[in-house]
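Colleague: The following block contains the structure, expressed as structure tokens.
The values are calculated or read from the model by the stated rules, or taken from the named source; none is laboratory data. Predicted model, so just to flag it, every value in this text is computed and none were measured. In this analysis, Cβ positions are derived from the backbone assuming ideal geometry, glycine residues included, and neighbour counts consider all displayed protein chains. Ligands, DNA and RNA are excluded from the accessible area calculation, which covers all protein heavy atoms including side chains. Shrake-Rupley method; radii C 1.70, N 1.55, O 1.52, S 1.80 Å.
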Amino acid sequence: AYTMNIPTLIKMENPLDFYPEELPGVKEALEKNDQAGAAEKIQEYLEKKDKIPLNIGITGESGAGKSTFINAFRGVDNRDEQAAPTGIVETTMEITQYPHPNYPNVLFWDLPGIGTTNFPADEYLKLVEFEKFDFFVIISDTRFRENDVKLAQEIQKMEKKFYFVRSKIDNDVNAEKRSQRDFSLEGSLGKIKENCIEGLETGGIKSPKVFLVSSFDLHLYDFPCLQKTLEKELPAHKRDALLFSMPNINMEIINKKKEAFQAQIKWYSVGSAAVAGVPIPWLSVGVDLTLMVKAVTDYEVGFGLNESSLERLSSTAGVPYDELCAVLQSPLAAEKITTDLILKVLSHFTGTTALMAAEEGSRFIPIFGLPVAMSLSFATTYRALSLFLNMLADDAQRVFKKALGLNPSVKGVSLEVCLRYGIFL
């Protein structure tokens, strides 16, 4: 059963006193008693937020695994028609953008290897138009070489962020297992990272940030640390774009997405309350449903529970689509979100439907009718979206556990090492 403690706003005279301060123009509209204008400003803000661009440059020498990394970050199998082409030879011969399949505002740029014929090292940044990128990921599958160091130094001069990713760590771990009598995962990983850092520092890079990554198993090793670092160092207004485009590699990512969506509920609720202040019968209910459809669609896509995302996860995780769907419990997951579906789900929550009916009925109360309707509208939207969010977040956790399953390659590894490197048994 899903329950939610609704804020005491329903008891207050005007819930719009609690408008989100980060929404420009809303306060001014409300001060002029322009509820319709306030609602329009909120809608504009929500639409603009969905379109904030994030440009990620992926570079490194040829054959380092750039395209595979891009595909993994986007949750796309290398064999998918949307995938960046991969191969044992340099397959990136020109600058190519790959939008995230769910978030076209998030662009991954597969950049040709530095030092290739068409992209010599001394002209590289100019040729790739470095100004448009929010940050760079420099990838190497062995040690970082002179060209990598030169590129990092030039990026640093331009005051852009860059991060070193040592790729194909799974290959190194498997090779160490076969060649060492007393294999230690922690020791091997520590040695690889130390070697990378020493090489970069020798080349003149101070305190380089190096992350050990397997593009075929993003939940292992340092990718979660890379995610946290990117989130911390990105400008605040771009963090949600990164977060929502992240694959669900651990429970923490799912919980962070839930927290970000929860923070947005107040925007939808204030927009709902503002429309309720417009004296047109049934307008508020219609707008509330439209707002809910948009919000719930965002939840479904953000958690990777829409049909296309589940199909991609099935391909990358090697778990049949039907088995992933079998763990879903919410009637919203893997469905097209419509007003009819929202109404159908709401019908099972009598408290919420009672609030909707009370909101419309309160309009006929002289003098106090609209303020009461506004408070009820706020509470209805807040309650409904909170319920929907909890349902879908729980489903996202179930799907994550099902997709991950048992990882036989890490049997016998100590619990301490598993926790440190994000390895799930």
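Colleague: Would you please give the residues with an amide H less than 5 Å from that of residue 212, counting only those at least 5 places away or on a separate chain, with H modeled from the backbone geometry?
Modeller: Close amide H contacts, sequence-distant or interchain: 166, 222.
Colleague: If I stretch the segment between residue 80 and residue 195 completely, what's the gain in nm (0.36 nm per residue apart, minus their alpha carbon distance), one decimal?
Modeller: Gain on stretching residue 80 to residue 195: 37.9 nm.
Colleague: Further question on the same structure: Taking a probe of 1.4 angstrom, what is the accessible area of residue 165 in Å², to the nearest 10?
Modeller: In the full protein context, residue 165 sits at about 0 Å².
Colleague: Could you sort 291, 127 by accessible area so the largest value comes first, with the probe set to 1.4 Å? Intermediate values should be presented prior to the final figure.
Modeller: Values: 291 20, 127 70 Å².
Final ranking, largest accessible area leading: 127, 291.
Colleague: Taking the simple approach of a point 7 Å from Cα along Cα-to-Cβ for both residue 123 and residue 179, what is their distance in nm?
Modeller: That separation, rounded to one decimal, is 3.9 nm.
Colleague: Could you state how much accessible area residue 49 has, in square angstrom rounded to the nearest 10, with a 1.4 Å probe and all protein chains kept in place?
Modeller: Surface open to solvent at residue 49 totals about 50 Å².
Colleague: What figure in square angstrom, to the nearest 10, would you give for the accessible area of residue 382 with a 1.4 Å probe?
Modeller: 40
Colleague: Between residue 236 and residue 308, what length comes free when the chain is fully extended (0.36 nm per residue of separation minus the Cα-Cα distance, one decimal in nm)?
Modeller: Numbers: separation 72, 0.36 × 72 = 25.92 nm, distance 2.90 nm.
This chain segment gains 23.0 nm when fully extended.
Colleague: Another one. If I take R0 = 35 Å and measure r between the Cβ atoms of residue 131 and residue 228 in this structure, what FRET efficiency does the formula 1/(1 + (r/R0)^6) give, to the nearest 0.05?
Modeller: After rounding to 0.05, the efficiency reads 0.85.
Colleague: Sort 325, 196 by heavy-atom solvent-accessible area, probe 1.4 angstrom, most to least.
Modeller: Ranking 325, 196 by accessible area, largest first, yields 325, 196.
Colleague: Moving to a separate point now. On a 1.4 Å probe surface of the protein chains, which of 239, 166, 79 comes out largest in accessible area, and what is the full order?
Modeller: The ordering from most to least exposed comes out as 79, 239, 166.
Colleague: Between residue 294 and residue 338, what is the label-point separation in nm under the 7 Å Cα-to-beta-carbon projection?
Modeller: 2.1
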